[in-house]
Amino acid sequence: METIISLAKRRGFVFPGSEIYGGLAGTFDYGPLGAVLKENVKQLWWRMFADGRDDMYRVDAAILMNAKVWEASGHVAGFSDPLVECSHCHKRFRADHIDDLNTCPSCGKKGTLGEARQFNMMFKTNIGAMEDDSSVSYLRPETAAGMFVNFKNVVDSMHPKLPFGLAQIGKAFRNEIAPRDFIFRLRELEQMEVEYFVRPTEWEQAFEAWRVSMHEFATAVGLPESTVHELEVGEGDRAHYSKRTIDFEFDYPFGRKELWGLAYRTDFDLSAHQTGSSVDLTYLDESTGERFLPHVIEPSLGVDRTVLAVLIAAHREDDLGGEKRTYLALAPKIAPVKAMVAPLLKNKPELVEKARLVRAELQKVHPAIAWDDNGNIGKRYRRQDEIGTPFCITIDFDTLGETPELLDTVTLRHRDTGAQERLSIAEVAERLRTALA
Ligand code: GAP
């Protein structure tokens with residue numbers, strides 16, 4: 001983890017939140033490359049979970065919602081973790097993360113951890129100028145509610161036929177007792193969630209189909225099958241709304257831990273919001289004339305945990321040309337930089353001019369084509385390897401026709417093997433197009 005965290009900071013992927021003020025636990029900021037990596041993960045998710053399908057609708061709901069939403073959803077009463085406090089050092093811990101409740105994990109005193117009490121993880125705030133009970137609201141702890149409360153709006157405006165789903169990406173906030181492990185357990189996080197509405201009798205097939213889609217997404221972002229594991233969550237450990245949950249776990253350096261979740265939420269939410277709002281949320285099935293509350297399958301994916309797993313899975317160290325090197329074997333689709341173009345020498349205007357033209361040509365395939373004319377070419381390659389750039393393209397005197405049969409050819413260098421090929425500019429563009437398809 002230390003290696004990943006340090007690379008992430010050094011190369012502009014992820015920085016500690018509010019760092020110059022000493023940080024803020026549970027928050028991290030994405031830097032120039034991290035912001036693009038994260039965006040690419042989200043774009044792939046949109047494509048695979050929503051836009052590439054005919055049965056999905058996007059929503060983008062407000063983070064602040066009427067407090068009644070969270071009363072109805074059960075979060076005010078039940079979205080909590082067990083908290084214990086040491087009477088000696090006054091440190092607080094999540095009781096379910098401590099192996100020996102008789103010993104304080106911080107100061108080592110015995111018998112100082114008091115009784116566990118339930119600590120609600122929602123961030124409370126006040127809406128408007130009055131700070132009293134009537135103005136209380138919460139930062140959403142999951143994006144899901146924004147989709148449940150808009151179920152009727154989408155049905156009335158888009159007239160979707162069952163089964164259909166709503167998809168949303170957005171921030172969620174949890175006042176975690178013990179944020180930890182870099183961007184694994186955050187207080188401000190981002191989720192990619194689907195609420196998929198089905199006839200009650202059809203939940204199992206939808207559950208299976210989304211389970212497959214989640215594995216396909218894992219592969220698409222570059223997580224090897226051998227690192228992603230399913231855990232059937234037992235009844236006592238499931239969230240209050242779920243009748244079946246599968247956790248997708250990933251082999252992080254700090255252990256096998258939850259990556260994503262797939263839950264069968266039944267009609268818990270629509271039913272709760274129907275009762276809470278007194279608005280009829282039933283769906284009219286025109287083929288049968290029947291009215292009912294659809295049931296819900298929810299694939300829920302944390303963006304930050306995905307980015308972390310992607311960085312871990314992609315991180316490699318090897319020996320290339322007798323030198324140790326570090327590289328990120330990122331899938332080209334999610335790599336923040338798709339290729340780097342370099343004139344062999346920066347003080348030869350004819351090389352620089354040609355390289356600019358090559359870059360402009362490749363930017364027609366994808367805009368994220370970097371330019372690097374600084375230092376020796378080997379060092380430039382290594383810099384790109386470390387941020388996961390799949391291809392480097394070098395323009396030399398042969399490109400300009402010094403060897404006539406090589407006119408308008410360039411060197412294409414592959415990140416993972418360091419192998420180099422001599423190709424025409426059009427062939428390089430085609431390679432790039434294929435890698436990004
Ligand atoms: N709507 C369902 C839901 O929110 P969850 O299992 O609590 O279920 C879903 O969260 C996903 O959100 C998790 O599998 C994880 O990827 C991510 N997640 C949850 N809490 C997180 C935290 N504190 N920091 C980072 N990601 C988190």
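Rg and Dmax, both from the Cα atoms of segment 334-401 and both in Å, are 11.4, 35.
When the Cα convex hull of segment 287-379 is projected onto planes of every orientation, the mean area is 11.5 nm². Per the Debye formula on identical point scatterers at the alpha carbon atoms of segment 73-225, with no solvent, log10 I(q)/I(0) at q = 0.12 Å⁻¹ is -0.79.
Taken along its principal axes, the alpha carbon cloud of segment 145-233 reaches lengths of 43, 31, 25 Å, longest axis first.
Using the Cα gyration tensor of segment 34-119, with a ≥ b ≥ c the square roots of its eigenvalues, what is the shape: rounded (a/c below 1.5), prolate (a/b larger than b/c) or oblate (neither)? Please report the intermediate quantities before stating the final value.
On the way: a/c = 3.67, a/b = 2.07, b/c = 1.77.
Because a/c hits 1.5 or more and a/b exceeds b/c, segment 34-119 counts as prolate.
Which residue, Ile297, Trp371, Ala339, has the largest displacement toward the positive end of the dipole of the chain when charges sit on each Cβ (Lys, Arg +1; Asp, Glu -1)? It is Trp371. The smallest convex shape that holds all Cα atoms of segment 230-369, its convex hull, gives 231 Å³ per residue. Take the Cα of Leu24, step 7 Å toward its Cβ, do the same at Leu320, and the gap between the two points is 3.8 nm. Percent of C-alpha pairs per 5 Å bin in segment 377-437, short distances first: 4, 19, 26, 23, 18, 8, 2.
The convex hull defined by the C-alpha atoms of segment 142-191 has an orientation-averaged projected area of 4.3 nm².
Short-range pairs are left out: with C-alpha atoms under 8 Å and at least six residues apart, the relative contact order of segment 140-265 is 17 percent. Just to be sure I understand: with springs between alpha-carbon atoms less than 10 Å apart, which residue in Gly236, Gly165, Gly401 has the highest mean-square fluctuation in the Gaussian network model of the chain? Largest GNM mean-square fluctuation: Gly236. For segment 229-304, the normalised intensity computed at q = 0.12, 0.19 Å⁻¹ comes to -0.47, -0.85 (log10 of I(q)/I(0), Debye sum over alpha carbons, equal scatterers, no solvent).
With the contact rule set at Cα under 8 Å and sequence spacing of 6 or more, what percent relative contact order holds for segment 116-204?
29 percent
Note the angle between two axes, namely the Cα long axis of helix 32-46 and the longest principal axis of the Cα atoms of the chain, as a number of degrees from 0 to 90, rounded to the nearest 10. Tilt of helix 32-46: around 60 degrees. Working ranking of peptides 97-104, 44-51 by packing, defined as the average number of other Cβ atoms within 10 Å per residue, highest first, is 44-51, 97-104. What angle do you read, to the nearest 10 degrees and between 0 and 90, between the alpha-carbon axis of helix 425-436 and the longest principal axis of the chain? Approximately 20 degrees, to the nearest ten. Histogrammed with a bin width of 10 Å, the alpha carbon distances of the chain distribute as 4, 18, 25, 22, 16, 10, 5, 1, 0 percent, first bin at zero.
For the chain, the relative contact order works out to 12 percent when only alpha carbon pairs closer than 8 Å and six or more residues apart are counted. Projecting the alpha carbon convex hull of segment 171-220 along each direction and taking the average yields 5.2 nm².
Please work out whether segment 1-151 counts as rounded, prolate or oblate from its C-alpha gyration tensor, where a ≥ b ≥ c are the square roots of the eigenvalues and a/c under 1.5 means rounded, while otherwise a/b larger than b/c means prolate and anything else oblate? Because a/c hits 1.5 or more and a/b fails to exceed b/c, segment 1-151 counts as oblate. Left without a cysteine partner by the 4.7 Å Cβ rule in the chain: Cys392. Highest mean packing comes first when the peptides 78-90, 145-157 are listed by Cβ atoms within 10 Å, giving 145-157, 78-90.
How much FRET efficiency would the formula 1/(1 + (r/R0)^6) give for Glu235 and Leu406, where r is the Cβ-Cβ distance and R0 is 41 Å, rounded to 0.05?
Values: r = 68 Å, r/R0 = 1.66.
For R0 = 41 Å, the calculated efficiency reads 0.05.
Ordered by packing density, taken as the mean number of other Cβ atoms within 10 Å over each peptide's residues, highest first, how do 7-13, 358-364 rank?
Numbers: 7-13: 18.4, 358-364: 16.9.
Packing proxy ranking, top to bottom: 7-13, 358-364.
Could you give the angle, 0 to 90 degrees to the nearest 10, between helix 377-387's Cα long axis and the longest principal axis of the Cα atoms of the chain? Its long axis makes an angle of about 10 degrees.
Rounded to the nearest 20 debye, the dipole magnitude of the chain is 1180 debye, with +1 charges on Lys and Arg beta carbons, -1 on Asp and Glu beta carbons, and the Cα centre as origin.
Computed from the coordinates by the stated procedures, all read-outs in this text should not be read as laboratory data. All values reported here derive from a predicted model rather than from experimental measurement. Note that each Cβ is placed from the backbone with ideal geometry, even for glycine, and that neighbours are counted across all protein chains shown.
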